[in-house]
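Here's the structure, in structure tokens; my notes come after.
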């Protein structure tokens, strides 16, 4: 009877625990969603930054024209005159996801705009990602660790920075896809179920659809498989977890147009095939080992190894020769810069010029993962007690992702989930130890007081508490009032017992019982640390990462001041220029111009054609006349520059100008970086070089700037500008925004060219003919 | 100058044609006094004429004809006649006189006629005075048509100094009110006076019918020439208490085109001089108690707006993203919610919406206005009453959780001026029950979802009852039950051990050896029974193939427990022995301590195993 009651209680507790963790998970999802809404509340429901605008535009196209037109979309509004095949060069996962959500909602007659769906895709998927983290960590270390890790991931600043509402970028769904793929891999590894293996391949397919970072998965999982084989952990479960993933996954990945045959051709995928072969060899060996006697087996091994080595050497030699014959060794530029951090800055300025491709600084670790950085080592240790297939995988995951995050700031995003999982494990284990100790000690004290009060009361209390635990406490009751000497003895005995348990704790963690005070303090410290983490995350979400970057705000003594200049300029372009006009700007603003102004651009943030970008860079760094010729040959009607000198907006074109020079000079050698530097220093004041002061970017930025305050004081560079009064001969100002942050110039029609030339020749002493020939040479299109 | 001369020439031609055909004079009405005031202070031209009609003939006349040249008619936005009520102009709707377009015989072709129905027929010698308000939308032409940022905007207005009418006019006068006193040029006739920003022509006396004398006024006007090429107003009624109005504007500056550079510097430094023709903002007058106002365009919120209001009205000031110079365009959307009870009324089982037709913007000309009234799903018997003729058709719109769609009444009108901002009514029938349709749908949806969940959890979904997987699962369930049993037994064993320990403690306190022995005996019996039970379960587990994975652990657990049991017994007997033999208690304690250590360790192991098995 009592046993039945106890069993019922246990199932009830079990059920209660399930319901509790379900609700905790639900709340974690709500937290993950709502912490990302700061941008909507503080600013507005708007797409952020640069790339999200492109994704938004693609999604608009998808929802308007359908999936088939999307696959075949040739976009003629960008990379003029080349155009871009969008369907074949874009990772479609995000777009298809948002498009599906929109379609689903609309077919339910819930008329949400495409923009709204796009804005909220990232927060929704971060809730999914935290649930996936729960599943993954649960597979590794149990439900408690899972819940902790999910809660940590829900608000880790690194992830928030990429998934606030409006940050409609690939990473928003890719992190979810990454974690769910890892979860399904671990799940397959733990269960050996082919069902999960298939799901795993599908999750991998979704990841391939979503983000170029899928190569991380297809390298990490083989590494883990190799690790398992090397450490003698081969099992049929490992085979089931890996082989279907490679076969199905590769087939599915090849379906994505942007990947296509890269899934079998590029070096990023070779590791997986190599391990696939090794796995089969190992499986064969195990099979043969099973059917042969040990002696025969030894003979067979020596035979096979000697033959196999020769074959292997030959194959590897062929492979190496094949790979080495290609200039980049079969690796894409971004992957190479991962393996060799100095690669990009040496060879590809266009990759190096993006701030998120730079290596991070130490403060950025603290900013992005905060206290997790300290918890990670503890988590790694916890993973080794005991080491299982699953925990070895997370250890491998964190080690590799730490390296990658050290190379590129952007990959901090891959590191964050690993850090959360590790910290979740560490925190959960620590809490486990502390609370168990407290419970143990508390019951001891309780039991002591009960004994004092009398036996009757203890009998009453027993059924209330967990029977086993109370009995345990009874066993350690101290009997101070009855016999003092006995009590001393008992204490000694207990001490010995405690020592023994602490000694034993290395192997049997459950025996670890800490003193009451220590565990309470430890618990408090942990809670404090958690609170600090939460406060930091909320701060980061609210202050640091919620700015949409197209709207800037500043607090002055008069209150909030809004700088909405970018949209002002884009709106002006959209409504007051011809539909087919081409707008030239530095590539950063390409996506925004096509999406917001709906005008054709020359280059955009998809930096696929270095020469084209270099042409624009060259035009910007050339004198007015040469620049006009370049732009005119590209059929450009308007030139857009971003200028922060009036209000002190630091990331403007003048600050990016050296990259334009570098990228331009990389293709057109007549642009030389030293020409723009005075003694190696980049300056725009009176010490600046004449080349600098005469280049188009300088002129367009500072045209009539001196008249604002009489001196031409640039608030970003904190100097007076070098050349104050000048006229534009080939360009005319057609629009400048309220805070001068965006200035749009129109190319004057060519008939004005002669007049402009004459003026120029008059003002300068050089003869027009030599001038003409000089500028001719500088035009890369002739 | 050349252009103006050409215009004047064209008007002369018109007059010739008019005079050629204008031989027959209608009826015997004469206009004894005509007083015209032309208001040119904004881009909308308003001509208010006070006409005093006298019947000199013998037959009673009930209609008065108004004539407009066709050139003007295409800009005519509104024509309204109302009885004259002294100096204080009171425009009450009820008092307005009906006006309709007519085509009387024998009239010149270049003219369009409107007939005003007088409240009662005029007998011989009777006279009647009434006002005619004519509003023109695009009557002001910018001249020159293209200006630079620094130029002021000059516009040209053409009219006749004499009132164009098929009747003889006895006395007439005309005053033209201009926005500013700066006048480039104006046509000088006899009796022309100028007072500041007002030009007066007349009085002129005894002019024959169809007299025409063109005047041209060329003057500075920096008023905002805000022209909305298209406005779509969507009024959505929710019977839950809200009328949501969404207005999409496509705005253009209809004045002189801006040519050449736009310099922000000049505009910011001297906005009144270098940007005089631009307009920066619009003011919308909205009803009181308006809420949730937003102002945005397709790329997001526009932050430059301001809202203030009191109990009588709400005013919204909106600035477009950039100042609009001549020819510049922009597009935006404003939306606001209104309390339902202010606009929706019930009348004999019918409901009707009573709301203004035009846009709330001040001095805005709308070329094409489309008003859509979205009624709630399930409304029927829809009819519209508008104070002026509009095009009308019906659509349906699918919105939040609709099944059949909401009926939409679409009203369309061209050339809309602020005077059109009158109330119109949409009558419809709607049953209150339809309101509950969507909540019920949601409730039902979630209910069926949960029911499906419950059914799924409780129904055995396996296809084959004899498949290996199904059998394995059944077996596994049995094994689990058995393991549960094992755990129970072990737990009971552990409690027995604890009881033994307790008896030992009692012994040390009371020294009652017999009681302790009795407890021992009872425990022995119990443990024996338990071990029997355990054996049964174990044998089942050993026979079951599904338990092979977990069996070693269980066996280990049982072995450990047995060990523990032995140790506890040994300890018990040693302690009891000590008490019986009365040997040194101190000595016994030493001996027991060693045993106690082993017992605790074993017990810990047993508990660990229990938890481990629990997890599996």
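See the values below:
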| read-out | value |
| --- | --- |
| Among (1) within 14 Å of chain A (Cβ to nearest Cβ); (2) outside any loop (DSSP other than H, G, I, E, B); (3) crowded, with 19+ Cβ neighbours inside 10 Å, the one test that residue B:377 misses | (2) |
| Check on residue A:314, assigned to a helix (DSSP H, G or I) and exposed (fewer than 14 other Cβ atoms within 10 Å of the Cβ) | yes |
| Of residues in region A:210-219 being crowded, with 22+ Cβ neighbours inside 10 Å and more than 16 Å from residue A:129 (Cβ to Cβ), the one nearest to the chain's Cα centre (by Cα) | A:215 |
| Conditions (1) crowded, with 23+ Cβ neighbours inside 10 Å; (2) away from every other protein chain (no Cβ under 14 Å); (3) modelled with pLDDT under 90; number of the one not met by residue A:59 | (3) |
| Scan of region B:292-305 for residues that are surrounded by fewer than 17 Cβ atoms within 10 Å (Cβ to Cβ), within 13 Å of chain A (Cβ to nearest Cβ) and not in a loop (DSSP other than H, G, I, E, B), ordered by number | B:294 |
| Total residues in region A:168-195, condition free of Cβ contacts under 8 Å to residues at least 40 places away in the same chain and surrounded by fewer than 24 Cβ atoms within 10 Å (Cβ to Cβ) | 1 |
| Residues (without any contact (Cβ under 8 Å) to a residue 12 or more places away in the chain and in a loop (DSSP other than H, G, I, E, B)) located in region B:320-364 | B:322, B:348 |
| Listing of strands (runs of 3 or more DSSP E) fully contained in region B:384-479 that carry 2 or more residues being without any contact (Cβ under 8 Å) to a residue 40 or more places away in the chain and surrounded by 15 or more Cβ atoms within 10 Å (Cβ to Cβ) | B:406-416 |
| Among the residues listed as A:341, A:349, A:360, the single one being under 30 Å from residue A:171 (Cα atoms), surrounded by 14 or more Cβ atoms within 10 Å (Cβ to Cβ) and modelled with pLDDT of 80 or more | A:360 |
| Residue within region B:331-351 that is crowded, with 18+ Cβ neighbours inside 10 Å and farther than 16 Å from residue B:236 by Cα present | yes |
| All positions within region A:687-702 that are part of a loop (DSSP other than H, G, I, E, B) and in contact with a helix residue (DSSP H, G or I) (Cβ under 9 Å, 6 or more places away or on another chain) | A:688, A:689 |
| Residues (within 12 Å of chain B (Cβ to nearest Cβ) and surrounded by fewer than 18 Cβ atoms within 10 Å (Cβ to Cβ)) located in region A:97-115 | A:105, A:106, A:107, A:108, A:109, A:110, A:111, A:112, A:113 |
| Condition met for residue A:181 (under 30 Å from residue A:251 (Cβ atoms) and in a helix (DSSP H, G or I)) | yes |
| Test for residue B:289: is it part of a strand (DSSP E or B) and over 30 Å from residue A:118 (Cα atoms) | no |
| Subset of region A:364-386 (residues that are part of a helix (DSSP H, G or I) and closer than 15 Å to residue A:141 by Cα) | A:376, A:378, A:379, A:380, A:381, A:382, A:383 |
| Checklist (1) within 14 Å of another protein chain (Cβ to nearest Cβ); (2) over 30 Å from residue B:603 (Cα atoms); (3) more than 60 Å from the chain's Cα centre (by Cα) applied to residue B:475, failing item | (1) |
| Every residue from region B:188-202 that is modelled with pLDDT of 85 or more, within 23 Å of residue B:67 (Cα to Cα) and surrounded by fewer than 19 Cβ atoms within 10 Å (Cβ to Cβ) | B:200 |
| Pairs where the first residue, in region A:724-741, is more than 7 Å from every other protein chain (Cβ to nearest Cβ) and over 11 Å from residue A:641 (Cβ atoms) and the second is part of a strand (DSSP E or B) and modelled with pLDDT under 90, C-beta under 6 Å, 6+ apart | A:739/A:563 |
| All positions within region A:220-236 that are part of a helix (DSSP H, G or I) and touching a residue at least 60 places away in the same chain (Cβ under 8 Å) | A:220, A:223, A:224, A:227, A:228 |
| Among residues of region A:516-546, those that are touching a helix residue (DSSP H, G or I) at 6+ places or on another chain (Cβ under 7 Å) and either within 14 Å of chain B (Cβ to nearest Cβ) or farther than 15 Å from residue A:368 by Cα (or both), counted | 6 |
| Residues located in region A:8-53, provided they are part of a helix (DSSP H, G or I), within 13 Å of chain B (Cβ to nearest Cβ) and touching a helix residue (DSSP H, G or I) at 6+ places or on another chain (Cβ under 6 Å) | A:53 |
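The values are calculated or read from the model by the stated rules, or taken from the named source; none is laboratory data. Being a predicted model, the structure only gives us computed values, none of them experimental. Positions of Cβ are backbone-derived with ideal geometry, glycine not excepted, and every protein chain shown enters the neighbour counts.
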